[in-house]
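In what follows, a structure is listed as structure tokens, so that the remarks can point back to it.
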Amino acid sequence: MKITIVGTGYVGLVTGACFSEVGHDVLCVDNNEQKIQMLRNNRMPIYEPGLEDVVARNVAAGRLHFSTSLIEGTDFAEVIFIAVGTPPGTTGEADLSYVEQVVREVAEHMDSYRLLVEKSTVPVNTAEQIKRTVLRYSRKDVAFDVASNPEFLREGTAIEDALKPDRVVVGVESERAAQLLKAIYEPIITRGGGVFVEMSIASAELTKHASNSFLAMKISYINAVSRICELAGADVEQVAHGMGLDRRIGRQFLKAGVGYGGSCFPKDVDAFVHLADHLGYDFDLLKDVRLINEAQRDHVMQKIRQELWVIQDKTIAILGLAFKPCTDDVREAASLYFVPRLREAGARLKLWDPVATDNFKKLFPELSYFTSIEECVREADLALILTEWSQVAELGAGRFRELMRCPVVVDGRNIFDPNEMRANGFAYHSVGRA
Ligand code: UGA
């Protein structure tokens, strides 16, 4: 089938590349010429494991194309996925101006039936606004449908998530739209498994909000438990293991640490609180999820202060700048909380990350970056672990001990075994392990 994807960010590019991988003919449109040029030269604008191969293979097979023209995109296919950004506005609500712009332009140029699919995370009832906009701006009396098809891709494993989904949720209100989306996903479900679920558009839109906020809530829950563990002399890793073996709870997203970051959870939790408020429900539970996440960072900062006494002139090695491993994304990463605060307190910072350094450098060009983790921790007074990159654990406690000026580690991701660290003479502070 022919498919147009508008927006070549994480969601649009991965979705488009994976649709072409299962045999569809895909045109990815973006108004950023530089990005389209890069993609045409098989250079990826983002770091996502496996993406480059999928793109190269399908461009070579003639199934994946790129364009800066939305008019071309509108002509190309009956089904148009909208995957443009929905950044947070000033009060936490999603800014939908990019979505509106795309819808308007498509409406002005479509001359036969089109199915517009919301792929970006948008507030519930956005489909209604899209419908109104199409009716207002379409020049001809052209039939159309709007559908919602939220994405559940995780950065770092997005290709696998797209090709082997747990579920594909589609919100539709016509049989025609349902059949088109079923045909698009049929090869993915056949190869990769997963359940294709049809529901109302509002329910599909809400499924996305409810899923992301639930996962954020799980993380804040275990982080709150981690604080109690510290006070009670228990170990949060053991508690999470004991909890997670109950299949109703599950082991995933019970990893205590320095809190969640990324382009999705912080923004989506805020948007859901805002949306609920707008609809007339005070979502106190989610407000607390947000507060617990913020408090977790303050708490780790407190551990650093307590351990160092005076931060001024101490050399601190920061291990991990990305918001999680296997991505170069630093949006809402813990590093963005700690770096300015430690600098302000007068620390000398040494920074290491295997892939996110370039993105971080754009924000803090004047800092010292290291490509070797060993060079980063050499002569440091304290090492602060913010991302659970495998290289950190692989370095091993003994090597840390040899390289550092003082054997002090604040581990925001509970990578090391506290007993082993103590046996190696470390002052070791982790999260939720008394
Ligand atoms: C998240 C969701 O997992 C995806 O399903 C969703 O499609 C995506 O947002 C989105 O809305 O686009 P992502 O932001 O890539 O995906 O990252 P996650 O793997 O969910 O991790 C988010 C944050 O939570 C990271 O900072 C991670 O370190 C933290 N986390 C995760 C924990 O602190 N503890 C855990 O147990 C799990």
- Residues of the stretch 154-175 satisfying the condition of being without any contact (Cβ under 8 Å) to a residue 40 or more places away in the chain, within 12 Å of the ligand (Cβ to nearest atom) and open to solvent by less than 40 Å² (accessible area, probe 1.4 Å): D161, P165, V169
- Message: Condition first: farther than 28 Å from V172 by Cβ, touching a Phe, Trp or Tyr at 6+ places or on another chain (Cβ under 8 Å) and not in a helix (DSSP H, G or I). Can you find one or more residues in the stretch 43-52 that meet it?
- Response: yes
- Would the stretch 213-234 turn up any residue that is in contact (Cβ under 8 Å) with a residue 24 or more places away in the chain, within 12 Å of the ligand (Cβ to nearest atom), over 25 Å from V410 (Cβ atoms) and open to solvent by 40 Å² or more (accessible area, probe 1.4 Å)? yes
- Query: M243 passes all but one of (1) open to solvent by 30 Å² or more (accessible area, probe 1.4 Å); (2) in the same structural domain as G412 (by TED's automatic domain parsing); which number fails?
  - Reply: (2)
- Give the residues of the stretch 389-409 that are buried (at least 19 other Cβ atoms within 10 Å of the Cβ) and within 16 Å of the ligand (Cβ to nearest atom), sorted by residue number. W389, V392
- Message: I want to confirm something. Restricting to the stretch 250-300 and keeping residues that are away from the ligand (no atom under 12 Å from the Cβ) and assigned to a loop (DSSP other than H, G, I, E, B), which single residue is farthest from the chain's Cα centre (by Cα)?
- Response: G280
- Task: Would you check which residues across the stretch 318-344 are of a type in the set (A, V, I, L, M), in contact (Cβ under 8 Å) with a residue 40 or more places away in the chain and farther than 28 Å from L231 by Cα and list them?
- Result: L321, A322
- Query: Looking at (1) part of a loop (DSSP other than H, G, I, E, B); (2) modelled with pLDDT of 95 or more; (3) open to solvent by less than 60 Å² (accessible area, probe 1.4 Å), can you tell me which one L351 breaks?
  - Reply: (1)
- Would you please list the contacts, defined by Cβ atoms under 6 Å and residues six or more apart or on different chains, that run from a residue in the stretch 121-148 that is under 20 Å from L275 (Cα atoms) to a residue that is of a type in the set (D, E) and buried (at least 23 other Cβ atoms within 10 Å of the Cβ)? V124/E205; S148/E118; S148/E205
- Applying the selection to the stretch 303-361, what residues are within 23 Å of D381 (Cβ to Cβ), within 14 Å of the ligand (Cβ to nearest atom) and not aliphatic (A, V, I, L, M)? G320, S335, Y337, F338, D353
- Item | Filter pass, K182 being open to solvent by 40 Å² or more (accessible area, probe 1.4 Å) and not in a loop (DSSP other than H, G, I, E, B) | yes
- Query: Given the structure, is N32 at pLDDT below 95, open to solvent by 40 Å² or more (accessible area, probe 1.4 Å) and not β-branched (V, I, T)?
  - Reply: no
- Task: Can you confirm whether the stretch 248-262 contains a residue that is at positive phi and open to solvent by 40 Å² or more (accessible area, probe 1.4 Å)?
- Result: yes
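The values are calculated or read from the model by the stated rules, or taken from the named source; none is laboratory data. These numbers come from a predicted model, not from an experiment. Note that we place each Cβ from the backbone using ideal geometry, even for glycine, and neighbour counts take in every protein chain shown. SASA here: full protein model, heavy atoms, side chains in, ligands and nucleic acids out. Shrake-Rupley method; radii C 1.70, N 1.55, O 1.52, S 1.80 Å.
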